[in-house]
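Below is one structure; the comments refer to it alone.
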């Protein structure tokens, strides 16, 4: 306690803080009421508060189980502009401004955290968290934010031997929520009807982790049984049905996912087709749960939303 008193009066800068003018016992009572992440951040503000709180903070962090520790780092990173929480390492990583969904190397610990949109646009929870944080702050790393939120487009020249003629992913932060519009433009290529090209292209992927085209639903059923998963989570064939329906429809065909915040439209006209998907990947309060609902790793997580709300919000 003598050491704490000595450090609390050590510098003129420390004396300016009102809390350091209080008795040590009262300071400890106040900091003891703070959540752990707030105490941790407070302990990094000056030498005096570090002496008072760092030891208890460090001991409390060590005692946390993995998920609780990740929650702790998640809360800490919320206030730090240059860091993001890694769920694999369960620690903070410094922001790398060359790490973009459009290109750039993926950190080795993040290989399994990528959400691939048609294997072209590789988005991670890290990008979503940083985009929301930098948009909220508006005062740091805005050039990195601009690059991260730039639309990503591939055209026919980069899509050899595919019916996919154009692909575009457009991220957007609206009202504190990370939204993503993905658009696929097809032209008749391998089949007499463009609808068959669309079905063939979406067979391996899909517009979300729940809506895709499967070549063999009986095969999917066996996989689910072998992994003790509920087949009903994966057996939504409405997307495939709507693709077929759109071939003869005179207007745009619309649908949505019952398990995540995804809304889509399909328009087929003679030898061309356009599929648009609108995904809500969450805001600061629920970004992790909505991300899990979109991730293949957590296909059983259900976070349905209002059918058309994501598209309407994106178009604001």
Residues in the range 27-50 that a label on residue 94 would reach, taking backbone N under 19 Å of a point 7 Å out along Cα→Cβ
44-45
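Using the beta-carbon distance between residue 79 and residue 249 and R0 = 45 Å, what value does 1/(1 + (r/R0)^6) give for FRET efficiency, to the nearest 0.05? The partial results should precede the final answer.
Values: r = 49 Å, r/R0 = 1.10.
Efficiency at R0 = 45 Å is approximately 0.35.
Output the peptides 244-250, 72-78 sorted from most to least packed, where packing is the average of other Cβ atoms within 10 Å over each peptide's residues. Don't skip to the answer; put the middle values down first.
Working: 244-250: 13.9, 72-78: 19.0.
Result, highest mean first: 72-78, 244-250.
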Using mean Cβ contacts within 10 Å as the protection proxy, how do 195-202, 138-145 order, highest first?
195-202, 138-145
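The numbers here are math on the coordinates, done by the rules we state, and not lab data. The model shown is predicted, which means the values in this text are computed figures rather than measured ones. Cβ atoms come from the backbone with ideal geometry, glycine included; neighbour counts cover every protein chain shown.
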